[in-house]
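Asks: Sending over a structure as structure tokens; questions will come in a sec.
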Amino acid sequence: MAVFIEYTYIYTYNGFMDKIAFLNKVMGQPCKIISPLVGGMMNELYLFSCLDKKYLLYISTEQANEMVDRPLEKQHIDIVNSLGITNKNVYFDASKGIKINEYIEGNSLDHIDDFDYDKVANLLHALHDSGKLSSDDYNPFKRFEGYYKEASEFVKEHDHHFLVLKDFLMENKEFLEKQKKVLAHNDAQRSNIVRGDNGRYYLIDFEFMANNDPIYDIATFGNGDVYEGYRLLKHYYLEPSEEQKQRYFLWRIYVSLQWYLVALVKHYRGEGEIHHYNFLAVAAHFLENAQKAYQGYKNIGEEDNELC
């Protein structure tokens, strides 16, 4: 779900920037843009090279910089670098939301179908079981309140299905908030996990890292398909309890409704026209995803082959 515009210039939330001149200055050597890449709704992403070594350039959108604490993100990158589960960051500008990371030769999991669920589970365990914590909690429901308020400035009458799911989620707010917190990625979707050509799996993009229920990370893996996340839950816990399954589907509803609201805001802000991207279609996908997660919650206790 990346967004791209002119090839010579990068659009940042504070204006246009010649990316070649910028990269040459930052890297201290001649650089070459190889291509734009598919990323998330929060960044433009470019692959480039300097002296035959490849790097990734991330340019954050205005909305991303409103949502993300960049100095805190830099602290988190230092933590995960010490765990050996990600690619090295070589440049970070917190004021502009621009960063450069070394490129991992391989493919993100959204580009492959034969990924190893056990390796994904082990990668998350390496983060969750590290014993390290952030200075900040993710506070999902506080964030949700902000997303809902912003979207409501554009949408005066929300979709009925959204409101029903939102009410159901809020009924379970206390149950979700009482769970023990670990250091979590909070956006561990397939596009943020890379299988290197060396067979290792890596987590990338730590904009939303903070303390949270570990099952939240498993839920975010189901962005494309609710039951991909559910399968990951079974590899993470081997024999998940009914409560763990409940937490999975509830968090999956939360994540879907969150991105539904974000996509609506992007549409009504006019970002779709700027970046030639249909954010209303993205919103519709996540609303459907939330409804599927709700049905999964209601069907807990049935045979797994009926749920997957």
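What follows draws every value from the coordinates through simple rules; no lab data is involved. Predicted model only: the values in this text are computed from it and were never measured. A quick note on method: Cβ atoms are made from the backbone with ideal geometry, for glycine too, and the neighbour counts reach across all protein chains shown.
Asks: Which residue, 193, 33, 100, has the most motion in a Gaussian network model of the chain that connects Cα atoms within less than 10 Å?
Replies: Comparing 193, 33, 100 in a Gaussian network model of the chain, the most mobile one is 33.
Asks: Here's something else I'd like to know. Report the net charge of residues surrounding residue 206, where surrounding means a beta-carbon distance below 14 angstrom and charges are Lys +1, Arg +1, Asp -1, Glu -1. Intermediate values should be presented prior to the final figure.
Replies: Values: positive: 70, 74, 88, 99, 132; negative: 69, 73, 78, 136, 187, 205, 207, 217.
Combined, the nearby Lys, Arg, Asp and Glu give -3.
Asks: Looking at the chain as a GNM with Cα springs under 10 Å, which of 242, 177, 157 has the largest mean-square fluctuation?
Replies: Maximum among the listed residues: 157.
Asks: Right, next: Looking at this model, which pairs from 181/292; 32/119; 119/166; 142/245; 156/292 are more than 30 angstrom apart at the alpha-carbon? Before the final figure, lay out each step's value.
Replies: On the way: 181/292 26 Å; 32/119 33 Å; 119/166 33 Å; 142/245 23 Å; 156/292 25 Å.
Correct reply: 32/119; 119/166.
Asks: How large is the dipole of the chain about the Cα centre if only Lys and Arg carry +1 and Asp and Glu carry -1, each at its Cβ, rounded to the nearest 20 debye? If you can, show how the numbers build up before the last one.
Replies: Working: 33 positive and 47 negative charges, 159 e Å.
Using only the charged Cβ atoms, the result is roughly 760 debye.
Asks: Amide H neighbours of residue 184 under 5 Å, counting only residues 5+ apart in sequence or on other chains, H built in-plane at 1.01 Å?
Replies: The answer is 210, 211, 212.
Asks: Please work out whether the stretch 83-144 counts as rounded, prolate or oblate from its C-alpha gyration tensor, where a ≥ b ≥ c are the square roots of the eigenvalues and a/c under 1.5 means rounded, while otherwise a/b larger than b/c means prolate and anything else oblate?
Replies: Numbers: a/c = 1.64, a/b = 1.14, b/c = 1.44.
Note, shape of the stretch 83-144 comes out oblate.
Asks: Same structure, new question: Please state the shape class of the stretch 189-250: rounded when a/c is under 1.5, otherwise prolate if a/b exceeds b/c and oblate if not, all from the C-alpha gyration tensor. Don't skip to the answer; put the middle values down first.
Replies: On the way: a/c = 1.96, a/b = 1.48, b/c = 1.32.
Here the stretch 189-250 falls in the prolate category.
Asks: To continue, here is another question. Determine ³J(HN,Hα), in whole Hz, for all residues of the stretch 109-116 in sequence, where each value follows from phi through the Karplus function 6.51 cos²θ - 1.76 cosθ + 1.60 and θ = phi - 60°; x replaces Gly and Pro.
Replies: Each residue of the stretch 109-116 in turn: 5, 6, 9, 9, 10, 9, 6, 9 Hz.
Asks: Considering only C-alpha atoms, what is the centroid distance from the stretch 216-245 to the stretch 166-196, in Å?
Replies: Between the Cα centre of the stretch 216-245 and that of the stretch 166-196, the gap is 10 Å.
Asks: Right, something else. Whole-Hz Karplus ³J(HN,Hα) for the stretch 82-94, in order, using 6.51 cos²θ - 1.76 cosθ + 1.60 and θ = phi - 60°, x for Gly and Pro?
Replies: Per-residue couplings from phi come out as 6, 8, x, 10, 8, 8, 6, 8, 10, 8, 8, 10, 5 Hz.
Asks: Give a quick list of chymotrypsin sites (Phe, Trp or Tyr not before Pro) in the stretch 144-180 that DSSP marks as loop, anything other than H, G, I, E or B, with at most 14 other Cβ atoms within 10 Å.
Replies: Numbers: sites: 144, 147, 148, 154, 162, 168, 175; in loops: 154.
Passing both the DSSP loop test and the Cβ count: 154.
Asks: Residues in the stretch 169-203, backbone N under 17 Å from the label point at residue 300 (7 Å along the Cα-to-beta-carbon vector): list them, ranges by number please.
Replies: Within reach of a label on residue 300: 169-180.
Asks: To continue, here is another question. If I fit a long axis through the Cα atoms of helix 226-237 and take the longest principal axis of the Cα atoms of the chain, what angle between them do I get, 0 to 90°, rounded to 10?
Replies: That helix lies at roughly 80 degrees to the long axis.
Asks: No solvent, one uniform scatterer per C-alpha: report log10 I(q)/I(0) for the chain via the Debye equation at q = 0.07, 0.13, 0.14 1/Å, two decimals.
Replies: -0.27, -0.96, -1.11
Asks: Sticking with this one: In nm, to one decimal, how far is the residue 197 label point from the residue 133 one, both placed 7 Å along Cα→Cβ?
Replies: 4.2 nm
Asks: Let me ask another. When DSSP assigns beta bridges and you keep just the ones with both residues in the chain, what percent turn out antiparallel, to the nearest 5?
Replies: Working: 35 of 37 bridges.
Taking every DSSP beta bridge within the chain, about 95 percent pair in antiparallel fashion.
Asks: Would you mind calculating the gained length between residue 268 and residue 167 on full extension (0.36 nm times residue separation, minus the Cα-Cα distance), in nm to one decimal?
Replies: On the way: separation 101, 0.36 × 101 = 36.36 nm, distance 2.39 nm.
Length gained, residue 268 through residue 167: 34.0 nm.
Asks: I need the P(r) histogram for the stretch 235-276: all alpha carbon pairs, bin width 5 Å from 0 out to the longest distance, whole percents.
Replies: The calculated distribution, bin by bin, is 6, 20, 16, 14, 11, 9, 9, 8, 7, 1.
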